[in-house]
Amino acid sequence: MYHLRTSLLLVGLVGLPAPADGQNVEQPSRVQELIDPPAAMAATIGKLIVARRAVSEQLKSARATGTLLRQVERNLQSRTVVQDVEIYFREPMYRIHLSPQREADEQIDPALAAESHGGPAHAPNAESREPLGVTVLFDGKLLTTISAFQASGQVHFEGALYFEFKQQTVLRNAGYPFAPPLHLWNPVFDPEKLDPKRCEVRPLGSGGMVVSESHRGYVSRHFLFDDFDFDLRRITWSNTEANQPFREAHFSWNRDNGAYYVQRYATKERLSDNQQAPHSVRRLEVEFSHFEANVPLVSSLFTIGGVELPPGTPFLDHRENVNGKPKELTWNGQALVVSQE
C-alpha cells in the first residue's frame with residue numbers, strides 16, 4: 001500500500017516524459033496545475049475515501065479511558081469543565097461511561113460535580129439529585145442511556161431506549177458528540193462529501209498535502225501528512241475574505257496492536273464576529289491516557305444486563321408512545337417489562 005502523497009503525485013504525473021539529464025523535476029506549483037482538473041481531483045478523493053475506510057476497519061475493538069474538556073471564553077473570562085470518559089468498543093457495539101462535569105480546578109470526585117449532560121429526567125425530585133454519571137450502550141440494535149444519581153443519601157438509576165438512528169443525537173446530548181465513539185474525525189471530515197469541482201490540492205514540502213474546498217462564503221482546508229494513508233492532522237474553516245479561521249480541528253495519532261487511532265482531538269470555534277468580544281471562543285478536547293486496540297470484549301458489556309442495575313430501575317422507551325408519552329418499562333433484574341400502574 002502506498003501513501004496518499006505518492007498516489008497524489010502519480011495521479012498528476014502519469015504519462016509525462018521523464019526529465020532529461022540536468023533538467024529539474026516538476027515544482028509543486030506545476031504539480032498543482034496538473035492535479036487540479038476535476039477528473040484527477042476525483043481520483044485523489046477516491047484514494048482518501050479508501051484510506052479513511054481502511055483506518056476505520058483496522059480498529060475492530062478497543063478499551064480506552066481519558067478526559068473530555070470543554071471551555072467557553074467570553075469577554076476575556078473563561079470557564080473550563082472536564083469529564084472522565086471510559087469506552088468499550090467492538091464494532092458496531094459500544095459502551096461509553098461519562099462522569100459528571102466538574103470544574104477544571106476541582107478534585108476528581110464525581111459525587112460533588114455540579115453539572116451533567118444526558119440522561120432522561122425521570123426522578124420525582126430532580127432538584128435534590130446529585131448526578132453520578134451517564135452510560136450509553138449500543139448492542140448493534142438497541143440504543144440505551146442509563147443515568148445514575150444520588151438522592152436522600154441513596155443511589156438511584158434511570159434509563160431510556162432509542163432507535164438506532166438516534167445515535168448522534170443521543171451521544172451529543174450525553175456529552176460525547178462522536179459516532180462511532182473512537183472515530184473522532186467523523187463529525188468534521190467525510191471525504192465522500194468533497195466536491196471535485198470545488199476542490200484543489202497543494203502538496204506539502206515535508207510530505208502530504210492540503211485539500212481545499214471552496215464553499216459559499218468560506219473555505220475548508222484539510223491538512224494530511226504522510227506517516228500513514230489517512231494521516232489527517234488539521235482542518236481549518238476560514239471566511240473567504242479573511243485568513244483567520246473561525247473554526248479549526250487538530251488530531252494527534254498513535255498506534256496500538258496494528259491500528260491507528262486518534263489519541264488527542266481538539267477543536268476551537270469562534271462564537272461571534274462581534275469586534276467588541278474578539279476572544280469569544282468555544283473549545284472541545286478529547287484525550288485518551290490509556291488505549292488498548294483490538295482486544296477481546298464479551299458481548300454482555302454492551303447490554304443492559306452488563307450494567308448490573310437493581311430490580312425496579314425505571315426506563316422510558318422513546319421508540320413507542322403510549323397516550324402521547326414514551327412507554328414506561330421496568331428492569332426486573334433479567335429483562336425489561338411493562339411498568340405496572
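Evaluating 6.51 cos²θ - 1.76 cosθ + 1.60 at θ = phi - 60° for every residue in region 191-206, the Karplus couplings come out as x, 5, 8, 5, 9, x, 6, 10, 10, 8, 10, 10, x, 8, x, 8 Hz, glycine and proline recorded as x.
One decimal place: the segment residue 67-residue 328 gains 90.6 nm when fully extended, by the rule 0.36 nm per residue minus the C-alpha distance.
Give the shape of region 171-235 as rounded, prolate or oblate, defined through the alpha-carbon gyration tensor: a ≥ b ≥ c are the square roots of its eigenvalues, a/c under 1.5 means rounded, and otherwise the shape is prolate if a/b is larger than b/c and oblate if not. Spell out each step's value before the answer.
Values: a/c = 2.63, a/b = 1.42, b/c = 1.86.
It is oblate, given that a/c is not under 1.5 and a/b is not larger than b/c.
Structural size metrics of region 204-324, computed from C-alpha coordinates, are Rg and Dmax of 21.6, 64 Å. Candidate cross-link partners of residue 141 among the lysines, defined by an alpha-carbon separation under 26 Å and a same-chain spacing of 8 or more, comprise 60, 166, 325, 327. In this structure, the amide hydrogen of residue 184, modeled 1.01 Å from its nitrogen in the peptide plane, lies closer than 5 angstrom to those of 262, counting only residues at least 5 positions away or on a different chain. Normalising the Debye intensity of region 123-282 to I(0), with uniform scatterers on Cα atoms only, and taking log10 at q = 0.16, 0.18, 0.21 Å⁻¹ returns -1.06, -1.17, -1.32. Around the amide H of residue 253, modelled in the peptide plane, lie the amide H atoms of 263, all under 5 Å away and 5 or more residues distant in sequence or on another chain. Would you tally the net charge around residue 264, using a Cβ to Cβ cut-off of less than 12 Å, leaving residue 264 out, and scoring K and R as +1, D and E as -1? Net charge in that neighbourhood comes out at -1. Each other residue within a Cβ distance under 9 Å of residue 98 adds +1 if Lys or Arg and -1 if Asp or Glu, for a net charge of -2. Computed over neighbours whose Cβ is under 11 Å from that of residue 156, the net charge equals -1, Lys and Arg +1, Asp and Glu -1.
Taken together, the values in this text are just the output of simple stated rules run on the coordinates, not laboratory data. Just so it is clear, the structure is predicted and the values come from calculations on it, not from any experiment. Here the Cβ is made from the backbone with ideal geometry for all residues, glycine too, and neighbour counts use every protein chain on show.
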